[in-house]
Amino acid sequence: MAEQKDVAAEQAAHEPSEKRAHEPMSMSRRSLFIGVGSTAALLGLGALRYAGHTPLNRPPGGQDESALVSACIRCERCYEACPRKIIIPASIEDGLLGMRSPQLDFSSNYCDFCREENGGVPLCTQVCPTNALQLPADAELGNPETGERGNVIIGIAKIDEYSCLAFRDTGCRACYDACKYDAIRLEGTDTNPRVYVEADKCNGCGACESVCKSLSAGSIVSGATYRAIIVEPVEAE
Amino acid sequence: MKTKNLRTFIAAAIFVVLAAGLILGVSFGTLSGFGWGDFSLLCPLGALGTMIATKTMIPRALISLVAMILFFVVLGRAFCAWACPVGVFDRLRAFFRSPKKRKELEQAKHDEMLAISRQELEAKGVSVKNAAASEEGCTHNCMTCGGCKPVKHGKLDSRHAVLGGALLSTAIFGFPVFCLVCPVGLTFATVLVVWRLFSAGDVTWSVILIPALLVVELVLLRKWCTRFCPLAGLMNLFSRFSKTWVPTIDDSKCLETAKESACGRCAMACEADINIRHPEFGERTMADCTRCRACVDACPTKAISMPFLVRAGHKVTLADAEQEVLEGVQQVERSVETVLNPLDKAGE
């Protein structure tokens, strides 16, 4: 027993010096492992770029999707800056690449390009520190006061005739009343007209979606999860 | 208030204020992009990433980067100890550890650092005053383990590899890749998704995935800040040149040099895995000092101070020109001290 112990002690005494001789000069084995592992993981994460994500309604200035993805560092300043609180983080369901990037949510309010709050200069674009949200030089923003459509198109409204109340002879025309750009047309002269989107007049401000009553109590079409009029990203078409 | 508590309080307060701002929509930004109105100060890694990805010079990003580099040169990794929420998580975790586990961890660090101190004192040929204790306390059997080995400090470490990997991936795929998994960003994202879950009924897998990612990084990847964090790696590249407020040992007070008694409390206390008394034995070097003051507080003889400039006697290799400047500054300091000392004493 005593002999065995001595042998073990001797081995232990020798081991470190041998190990030391095999160690690389500047980086320990652990550092190498961490470095290689993390780099592989980060390259894998980078490859998400090719996986893409669901097209989203972006805040004004975020219409160039690849520029937005390249520059956005998820600092969340645009969420805070939005006076109407309609900028929300994209969720994992929209794809890992876009997760936490800014998208517009028209469930309770719409985008007026900060006409009312900041004289027509969108605050989200103004505060974005990395220019992920940046209006092109020739940008003309929609003006809800004059009804000019502009050339910054967030998306185009689309009506689901199956769940739309107007198509059920209810006389609902909430979206028509909300639209500032005459992009909703009434058809049929009787008391229950149908509503249609005039795509070439819509800039995706979301006013129609924010007032749509199709999901409210008493007007539920079974299985509907979205309102009957929603703004769809231009890319989706 | 102890510095440790003060630090936790400040970092927690910064987090709470920014998180409240995020919820209430008060525009302060987050630690990834702090600011209001047109003014913003970006995370240096985010600034670098976004410029590499878009291949353009973004004014606000460039200004932030330069400002941050200046900050690192002056204050080292102070952000890590005083502002980063990850440090708060670590302290929270330590708080909720079972007393048994906490004692075990503390004991292990205690034994290791004490063993290093003893070994180094013995190597100098002094008879260690408190050597007897080693036979009871030390779990490292110094006779068989061949002594505590010094760490070979290269110019770069594993965090620089992570930093390099992140920037490489950013350059190849054209988006700031690390931002997707940055624990600081994920912390604020957690606040936002949880808030939205309750306020807007926004049910999404993000509510589970984002905190889960945070847990994986901070719990499973042990010693995130010392071994993984690319931001710490970036800071290290510049903080290594910092000569301001660096903890300095007064050898005439230190137990090990003045009393030849093994102590190692400064190394036990250090949250950045630095051994200030025996730098060659710490996992990291003084370049990674976070100015947390843990060593200053831990020193039983108050031998450690954080002078505005490193003084003579502290081993720093300087160019001749730098040495002249330093001596000039020291002369000024000494003259200031001769004026201030009597005032201090009068104050006491």
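Report whether or not residue B:170 is assigned to a loop (DSSP other than H, G, I, E, B), among the polar types (S, T, N, Q), within 11 Å of chain A (Cβ to nearest Cβ) and over 15 Å from the mean Cα position of the chain (by Cα).
Numbers: assigned to a loop (DSSP other than H, G, I, E, B): no; among the polar types (S, T, N, Q): yes; within 11 Å of chain A (Cβ to nearest Cβ): yes; over 15 Å from the mean Cα position of the chain (by Cα): yes.
No, not satisfied.
Considering only the stretch B:173-185, how many residues are more than 9 Å from every other protein chain (Cβ to nearest Cβ) and among the aliphatic types (A, V, I, L, M)?
Initially, the stretch B:173-185 is screened for residues more than 9 Å from every other protein chain (Cβ to nearest Cβ), giving B:183-184.
Checking which are among the aliphatic types (A, V, I, L, M) leaves us with B:184.
So the count comes out to 1.
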**OP:** Of the conditions (1) more than 17 Å from the chain's Cα centre (by Cα); (2) among the acidic types (Asp, Glu); (3) open to solvent by 30 Å² or more (accessible area, probe 1.4 Å), residue A:93 clears all except one; give me its number.
**Re:** (1)
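Out of curiosity, is residue B:218 open to solvent by 30 Å² or more (accessible area, probe 1.4 Å), within 29 Å of residue B:73 (Cα to Cα) and not aromatic (Phe, Trp, Tyr)? Show your work before the answer.
Details: open to solvent by 30 Å² or more (accessible area, probe 1.4 Å): no; within 29 Å of residue B:73 (Cα to Cα): yes; not aromatic (Phe, Trp, Tyr): yes.
Against the criterion (open to solvent by 30 Å² or more (accessible area, probe 1.4 Å), within 29 Å of residue B:73 (Cα to Cα) and not aromatic (Phe, Trp, Tyr)), residue B:218 does not qualify.
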**OP:** Considering only residues that are free of Cβ contacts under 8 Å to residues at least 40 places away in the same chain and open to solvent by less than 20 Å² (accessible area, probe 1.4 Å), look in the stretch B:177-186 and name the one that is nearest to residue A:70 (Cα to Cα).
**Re:** B:180
Original post:
If you go through the stretch A:86-101 one residue at a time, do you hit one that is out of contact with any Asp or Glu (no Cβ under 6 Å at 6 or more places or on another chain), more than 9 Å from chain B (Cβ to nearest Cβ) and among the hydroxyl-bearing types (Ser, Thr, Tyr)?
Top reply: yes
Subject >> Single unsatisfied condition, residue A:158 versus (1) open to solvent by 70 Å² or more (accessible area, probe 1.4 Å); (2) more than 29 Å from residue B:186 (Cα to Cα); (3) part of a loop (DSSP other than H, G, I, E, B) >> reply: (3)
Subject >> Given (1) in a helix (DSSP H, G or I); (2) closer than 25 Å to residue B:80 by Cα, index of the condition residue B:307 fails >> reply: (1)
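Which helices (runs of 4 or more DSSP H) does the stretch B:18-105 wholly contain that include 3 or more residues that are open to solvent by less than 20 Å² (accessible area, probe 1.4 Å)?
B:44-54, B:59-75, B:85-96
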Original post:
in contact (Cβ under 8 Å) with a residue 40 or more places away in the chain and not assigned by TED's automatic domain parsing to the domain that holds residue B:30: does that describe residue B:229?
Top reply: yes
Subject >> Qualifying positions in the stretch B:52-61 - more than 7 Å from every other protein chain (Cβ to nearest Cβ) and at pLDDT below 95 >> reply: B:55, B:56, B:57, B:59
Original post:
Do we find a residue being open to solvent by 40 Å² or more (accessible area, probe 1.4 Å), among the hydrophobic types (A, V, I, L, M, F, W, C) and without any contact (Cβ under 8 Å) to a residue 12 or more places away in the chain anywhere in the stretch B:187-197?
Top reply: yes
**OP:** Name the residue, out of A:146, A:125, A:130, A:170, that is polar (S, T, N, Q), open to solvent by less than 30 Å² (accessible area, probe 1.4 Å) and without any contact (Cβ under 8 Å) to a residue 60 or more places away in the chain.
**Re:** A:130
Subject >> Scope the stretch A:62-81; condition open to solvent by less than 20 Å² (accessible area, probe 1.4 Å) and either more than 14 Å from every other protein chain (Cβ to nearest Cβ) or of a type in the set (S, T, N, Q) (or both); matching residues >> reply: A:70
**OP:** Evaluate the following for residue A:24: is it more than 17 Å from the chain's Cα centre (by Cα), modelled with pLDDT under 90, open to solvent by 50 Å² or more (accessible area, probe 1.4 Å) and within 28 Å of residue B:153 (Cα to Cα)?
**Re:** yes
Original post:
Among B:128, B:194, B:203, which is modelled with pLDDT under 90 and more than 11 Å from chain A (Cβ to nearest Cβ)?
Top reply: B:128
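Within the stretch B:198-213, can you find the residues that are closer than 27 Å to residue B:94 by Cβ and either buried (at least 21 other Cβ atoms within 10 Å of the Cβ) or within 15 Å of the chain's Cα centre (by Cα) (or both)? Steps first, please.
Initial filter on the stretch B:198-213 (closer than 27 Å to residue B:94 by Cβ): B:207-213.
Answer for the stretch B:198-213, where residues must be closer than 27 Å to residue B:94 by Cβ and either buried (at least 21 other Cβ atoms within 10 Å of the Cβ) or within 15 Å of the chain's Cα centre (by Cα) (or both): just B:210.
The values are calculated or read from the model by the stated rules, or taken from the named source; none is laboratory data. None of these values were measured; they are calculated from a predicted model. Here Cβ is always computed from backbone atoms with ideal geometry, including for glycine, and neighbour counts include all displayed protein chains. SASA here: full protein model, heavy atoms, side chains in, ligands and nucleic acids out. Shrake-Rupley method; radii C 1.70, N 1.55, O 1.52, S 1.80 Å.
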